[in-house]
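Below: the structure, in structure tokens.
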Amino acid sequence: RADSPLDKRVSTVGKVHPHVEVKITDPETGKMCPIGIMGELCTRGYSVMLGYWENEQGTAAAIDKNGWMHTGDIAVMDEDGYVNIVGRIKDMIVRGGENVYPREIEEYLMANDAIEAVQVTGVPDPRFGEEIVAWVSLKDGAILTEEEVKAFCKDKIAHYKVPRYIRFSEDFPMTVTGKVQKFKMREISIKELGLKEQNTA
């Protein structure tokens, strides 16, 4: 919206449109999250699809009985009603019972002058369930060690969000349309680190 403050226009996806409803819910309980707490972005209204064409199963998974579409996006709403999308549920890492959203770590690491690009994903861990691996691409001529990346994070982000593994790479696995394939990054990391998938039940 043109009347929104500049900082809100560049750092959020804005406010909900007229005649459309939005709520942020806990993905596990379905309960609405308080202002400032991250959860799944759900929306309902005239602009929301009725369902997937000839795909009842997909429709049932995305739209609940009350007409709310569950977007799969992790978002947070501020006290002024502006929404910021911070990641995808499918990318979420659960480390020692703590939910970790890769985008948070990626955005923080991008503040390092030596880093050109970064992608974060989870890998299995026998103690914590999952651990964090950061794939880091450095700028031309830049030098950065694994220890320096971790030191950059220490005491600046929560200790459980500090990547345990750092993998330096010039490029990342991509689709033909240029979308990062995090599942392939996970597969490659598991193989290179000699890890095994953990049984969850």
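The values are calculated or read from the model by the stated rules, or taken from the named source; none is laboratory data. Worth saying up front: this structure is predicted, and the values here are computed from it rather than measured. Here the Cβ positions follow ideal geometry from the backbone for every residue, glycine too, while neighbour counts run over all protein chains shown.
Among the conditions (1) more than 21 Å from Gln181 (Cα to Cα); (2) buried (at least 16 other Cβ atoms within 10 Å of the Cβ); (3) modelled with pLDDT of 95 or more; (4) not acidic (Asp, Glu), His70 misses just one, which is (3).
Residue-wise test of (1) assigned to a loop (DSSP other than H, G, I, E, B); (2) within 19 Å of the chain's Cα centre (by Cα).
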position	(1), (2)
Ala2	yes, no
Glu21	no, no
Glu28	yes, yes
Gly36	yes, yes
Thr43	no, yes
Leu50	yes, no
Asp73	no, yes
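Figure legend. Inter-residue proximity from the stretch 172-196: first residues free of Cβ contacts under 8 Å to residues at least 24 places away in the same chain and surrounded by 16 or more Cβ atoms within 10 Å (Cβ to Cβ), second residues part of a loop (DSSP other than H, G, I, E, B) and of a type outside the set (D, E, K, R), beta-carbon distance below 8 Å, spacing 6+ or different chains. Indicated pairs: Pro173/Gln181; Ile188/Pro173.
Selection within the stretch 105-157: residues that are among the polar types (S, T, N, Q) and part of a loop (DSSP other than H, G, I, E, B). The member of this set that is nearest to Val180 (Cα to Cα) is Asn112. Scanning the stretch 100-122 for residues that are in contact (Cβ under 8 Å) with a residue 24 or more places away in the chain, closer than 27 Å to Ile37 by Cβ and either β-branched (Val, Ile, Thr) or not assigned by TED's automatic domain parsing to the domain that holds Phe183 (or both) yields Val100, Ile105, Val120, Thr121. The residues listed here are Gly81, Gly97, Gly87; of these, the one that is at pLDDT below 95, small (Gly, Ala, Ser) and in contact with a strand residue (DSSP E or B) (Cβ under 7 Å, 6 or more places away or on another chain) is Gly87. When Gly67 is tested against the conditions (1) touching a Pro at 6+ places or on another chain (Cβ under 9 Å); (2) closer than 18 Å to His19 by Cα, the lone failure is (1).
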